[in-house]
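Written below as structure tokens is the structure these notes are about.
The values are calculated or read from the model by the stated rules, or taken from the named source; none is laboratory data. Every value quoted in this text rests on a predicted model; they were computed, and no experiment measured them. Cβ placement follows ideal geometry from the backbone for every residue including glycine, while neighbour counts extend to all protein chains displayed. Surface areas here come from the heavy atoms of the whole protein model, side chains and all, with no ligands, DNA or RNA. Shrake-Rupley method; radii C 1.70, N 1.55, O 1.52, S 1.80 Å.
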Amino acid sequence: MDAQNLEKINTMLDADVEIREKIKEQVTEFDKKARSLSGILNRIHSTRSEQMPALLDTARPVLASCRETTAALAEIIPPNQFWKWKDMWSNSLRSAVFSATLVEYLHSGGLLSLEQVADILGINPAWQDRFALSVEDYLHGVINLVNELSRLAVNAVTLGDFEQPIKISLFVKDVFAGFSMLNLKNDLLRRRYDSLKYDIKKIEEVVYDVSLRKLAPSTKPS
């Protein structure tokens with residue numbers, strides 16, 4: 001290689017190093033927010049249903065602050081380089097998706113769409129070639145949600161909330177039915193989808209026990 005070509009390659013390598021370092025700074029900040037959300041939302045397992053709205057109110061500002069980080073990342077990434085760098089923030093983004101969907105489930109009992117999650121996290125569709133919420137990252141976040149709800153189904157019973165496992169069961173089965181209609185090519189996603197069967201089985205066992213003991217109002221004889 002001639003000197004001019006080597007200089008050009010070195011310039012490109014230096015630019016990549018600079019971008020990578022800037023991304024790392026923002027991902028570190030993203031991780032801090034994700035951990036903070038995880039710490040707050042982990043308290044759902046020891047929080048009674050009537051106290052849940054107050055707990056969610058503490059999580060929402062942290063979730064909203066993720067918008068600053070997504071905007072900063074979009075500013076760093078050069079045009080048409082989304083796929084080159086996305087693996088650096090995928091775990092943080094999946095964690096944020098999980099938190100957003102969990103907050104919404106606990107608030108309304110519904111599932112946020114990919115577009116709704118992107119909006120909550122401040123991800124602008126105009127950034128598509130630089131920073132976006134991919135389908136895979138969204139689905140990983142939803143699977144994390146189901147994993148957490150299977151745990152909540154058990155802990156809700158210990159807190160005397162016998163309706164929650166029934167609601168979770170209906171919700172999770174609906175999500176699982178949706179996944180079964182997807183053509184999942186990604187091996188990791190496929191394996192994680194298959195593992196949802198164990199979550200469903202765990203939830204069904206809780207619901208069966210609640211129903212057998214006639215603990216939930218809907219299962220008590222009128």
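Could you check the range 119-134 and list, in sequence order, the residues that are in a loop (DSSP other than H, G, I, E, B) and either open to solvent by less than 40 Å² (accessible area, probe 1.4 Å) or small (Gly, Ala, Ser) (or both)?
Leu121, Gly122, Ile123, Phe131, Ala132, Leu133, Ser134
Contact list please: Cβ distance under 7 Å, first residue in the range 195-222 and modelled with pLDDT of 85 or more, second residue not in a helix (DSSP H, G or I), pairs at least six apart or on different chains.
Hits for this filter: Val210/Phe162; Val210/Ala216.
Looking at Arg43, Arg35, Arg67, which is the one that is modelled with pLDDT of 95 or more, under 16 Å from Leu106 (Cα atoms), open to solvent by 70 Å² or more (accessible area, probe 1.4 Å) and part of a helix (DSSP H, G or I)?
Matching residue, one of Arg43, Arg35, Arg67: Arg43.
Looking for whichever is open to solvent by 20 Å² or more (accessible area, probe 1.4 Å) and part of a loop (DSSP other than H, G, I, E, B) here; the options are Pro78, Pro53, Pro61. Which one fits?
Pro78
Output the qualifying pairs, or none if there are none: Cβ atoms under 7 angstrom, residues six or more apart or on different chains, first residue in the range 30-55 and under 14 Å from Glu148 (Cβ atoms) and among the basic types (Lys, Arg), second residue at pLDDT 95 or above and part of a helix (DSSP H, G or I).
Close Cβ pairs satisfying both conditions: Arg43/Leu55.
Can you work out which of the residues in the range 92-118 that are under 16 Å from the mean Cα position of the chain (by Cα) and surrounded by fewer than 15 Cβ atoms within 10 Å (Cβ to Cβ) is nearest to Val17 (Cα to Cα)?
Per the stated criteria, the residue is Glu115.
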